Amino acid sequence: MRYFYLILPVIWLFLSSTCNGLQPSSKCEWQPESRIKGLSFTAPPKPFSENPMPAVQAVNADWIAVIPFGFTRPAKAHVSFNIDWQWWGEKTEGVISTIETAHAAELKVMLKPQVYIPGGWVGDLDFDKDSDWQAWEKDYETYILTMAEIADSLQVEMFCIGTEFRKSVSKRPQFWHQLIRKIRDIYDNKLTYSANWDDYENISFWNEMDYIGINAYFPLIDDKTPSISILQKSLKSYINKIQRFACRQNKPILLQNMVISASINVPTILGNLKPK
């Protein structure tokens, strides 16, 4: 099966809404002037040979996401990070240097520590034993709080507490609630979580976040050669649904890792939508 996705690598779009209460019948309108334009920044293996931030500014981005990976081996209740074999940009020294370089260029930063499972997907992370869950959660907490301390010390504008943990957030909600409290004790700025595109309605802690984060890999149509108008129509159905969800939650939306065809004017689509 072949799906067309809205493709524009690394762009984030921030959607805020004004809601008159939280009832489904309430009016809610987007404020399209509130928009984040960001790039996800790949961690380099070695220190920068030249400043990369002018290239970021050249495409009119005003934010970058710094993504220092941690690693969990399949079926192993352990998170490794900041270790010798990792790339420079994933280690704490590289994270700090990248953030400082971005801030020197007057770019804002989201620090987005993310777990990678070789040959797998973090959304499928699962353990049969409670002791294994506890061991993994202890490691993940250490990883996240270490990054939260860096974020706070460098006055990072936004911090992402996790990405696409479908089973973990469903089976272990208490872990996430207590982790958020610990992060708030360390980091004094905006928080988000990055849910998978088909899972964002199942997150129990949006009320504890500043933004609803969605990895927006929405499949649009099973067609090899769709027209632009058909793609736009399919996108609007997702945006309408997201808009209604934002109104119910009374939270702004941050679309992360959205892939969008350059021929589709997505900001215009998003800005013009009104609730039904």
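Odds and ends about this structure:
- Here segment 216-231 is the region considered, the condition is being of a type outside the set (G, A, S) and crowded, with 19+ Cβ neighbours inside 10 Å, and the residue that is nearest to L111 (Cα to Cα) is F218.
- Filtered by the rule that a residue be farther than 14 Å from P44 by Cα and either surrounded by fewer than 20 Cβ atoms within 10 Å (Cβ to Cβ) or out of contact with any helix residue (DSSP H, G or I) (no Cβ under 6 Å at 6 or more places or on another chain) (or both), segment 57-74 gives Q57, A58, V59, N60, A61, D62, W63, F71, T72, R73, P74.
- Qualifying positions in segment 46-62 - at pLDDT 95 or above and closer than 20 Å to A151 by Cα: P47, M53
- For the residues A77, A102, A43, the requirement of being modelled with pLDDT of 95 or more, part of a loop (DSSP other than H, G, I, E, B), crowded, with 16+ Cβ neighbours inside 10 Å and of a type outside the set (D, E, K, R) singles out A77.
- Here segment 105-134 is the region considered, the condition is being out of contact with any Lys or Arg (no Cβ under 9 Å at 6 or more places or on another chain) and closer than 19 Å to Q57 by Cβ, and the residue that is surrounded by the fewest Cβ atoms within 10 Å (Cβ to Cβ) is E106.
- Positions within segment 158-167 being surrounded by 21 or more Cβ atoms within 10 Å (Cβ to Cβ) and either without any contact (Cβ under 8 Å) to a residue 24 or more places away in the chain or not β-branched (V, I, T) (or both), in sequence order: M158, F159, C160, G162, E164, F165
Quick grid of which residues meet (1) surrounded by fewer than 16 Cβ atoms within 10 Å (Cβ to Cβ); (2) farther than 21 Å from I117 by Cα:
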| residue | (1), (2) |
| --- | --- |
| M147 | no, no |
| V156 | no, yes |
| V169 | no, no |
| Y187 | no, yes |
| L191 | no, yes |
| A195 | no, no |
| N202 | yes, yes |
| N207 | yes, yes |
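- Residue that is farthest from D152 (Cα to Cα), among those in segment 83-99 that are part of a loop (DSSP other than H, G, I, E, B) and in contact with a Pro (Cβ under 8 Å, 6 or more places away or on another chain): W87
- Restricting attention to segment 80-93 and to residues that are charged (D, E, K, R) and surrounded by fewer than 14 Cβ atoms within 10 Å (Cβ to Cβ), the residue that is farthest from the chain's Cα centre (by Cα) turns out to be D84.
- Subset of segment 105-143 that is among the aromatic types (F, W, Y) and part of a helix (DSSP H, G or I) - its residue that is farthest from V169 (Cα to Cα): Y143
The values are calculated or read from the model by the stated rules, or taken from the named source; none is laboratory data. What you see is a predicted model; the values in this text were computed from it and never measured. In this analysis, Cβ positions are derived from the backbone assuming ideal geometry, glycine residues included, and neighbour counts consider all displayed protein chains.
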